[in-house]
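Just so it is clear, none of the values below were taken in a lab; they were calculated from the coordinates. What you are looking at is a predicted structure, and each value in this text was computed from that prediction instead of being measured. Quick reminder, even Gly has a Cβ in these numbers, built from the backbone with ideal geometry, and neighbours come from all protein chains shown.
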Amino acid sequence: MIFDVLTLFPEMFDSVLSYSILKRAIEKGKIKVNLINIRDFSKDKHKRVDDYPYGGGPGMVMMPQPLFDAIEFVKSQGNIPVYYLGPKGKIFNQEMAVKMSKLERIALLCGHYEGIDERVYSVIDEEISLGDFILTGGEIAAMAIIDAVTRLIEGVLSHPQSAIEESFANNLLEYPQYTRPEVFRGMKVPEILLSGNHAEIAKWRRQKSLEITLLKRPDLLKKAVLTEEDKKFLREKGFDI
């Protein structure tokens, strides 16, 4: 899969792409990340990409010309959806990550300053936000999306089941995890996990996943696919389902 990242600060991506899963995915040829500097498309002799907003107000707005040219450069290479990373967009979630992971190529436009000239929206396919908070620019959001999507691409993770069992994969939060030592500062690993009874372990994990989701993100339960046994367990916990 190819990620085209349109940014004013391509150097910000050097570190995140040089470690862990993303580094291995690049080395395996599972993903390719093209870092496209928006300034390279500016026709201003000083390579300016922003200007003061009409009507006054604080901050600077990214100008349409460099953005149009950069986006058109990407789109000239195929039917590539362009996602603008901005505060007014749809909240990014696991469902969106799954859909993106099935595409061959996507472009991520990183906003900055006070945002982009409104006319640029005419060449953008969708605006995406990480949540109800403000970042300095879209670069950190782009990194998060690349990471979330890459994990779902076949052959990236050593254990494919990991992507299935992680939090949000099925609209449930993940069950608790433990590793050695068996006892640490008086805190013991639950006996069921040491029993070797895989059916009972699976049942315990499912119930813990339901319990944690009920406690921390009950809104997710409305979208989760629940068995009758799940529903009975939740009713016993006081959840009206």
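Odds and ends about this structure:
- The charge dipole of segment 62-111, taken about its Cα centre with unit charges on the Cβ of Lys, Arg, Asp and Glu (plus for the first two, minus for the last two), comes to roughly 180 debye.
- Backbone amide hydrogens, once placed in the peptide plane, bring Asn93 within less than 5 Å of nothing, excluding anything fewer than 5 places away on its chain.
- Nitroxide proxy distance, nm - points 7 Å out along Cα→Cβ at Lys28 and Tyr121: 3.9
- Charged side chains reduced to their Cβ positions (Lys and Arg at +1, Asp and Glu at -1) give segment 89-241 a dipole of some 700 debye around its Cα centre.
- Since only Pro160, Ala148, Ile201 are under comparison, the one whose Cα sits farthest along the positive direction of the charge dipole of the chain, derived from C-beta charges on Lys, Arg, Asp and Glu, is Ile201.
- Its convex hull of Cα atoms gives segment 167-236 a direction-averaged projected area, equal to a quarter of the hull surface, of 5.6 nm².
- For the chain, built as a Gaussian network whose Cα springs stay under 10 Å, the top-fluctuating residue of Thr227, Thr150, Thr136: Thr227
- Checked against a 31 Å cut-off, the cross-linked pairs Lys32/Lys208; Lys88/Lys216; Lys75/Lys223; Lys30/Lys231; Lys32/Lys88 give Cα-Cα distances beyond that limit for Lys32/Lys208; Lys75/Lys223; Lys30/Lys231.
- Rounded tilt (10° steps) of 64-75 against the dominant C-alpha axis of the chain: 60
- Charged-residue dipole, Cβ positions (Lys, Arg, Asp, Glu), segment 2-150 about Cα centre, Debye nearest 20: 480
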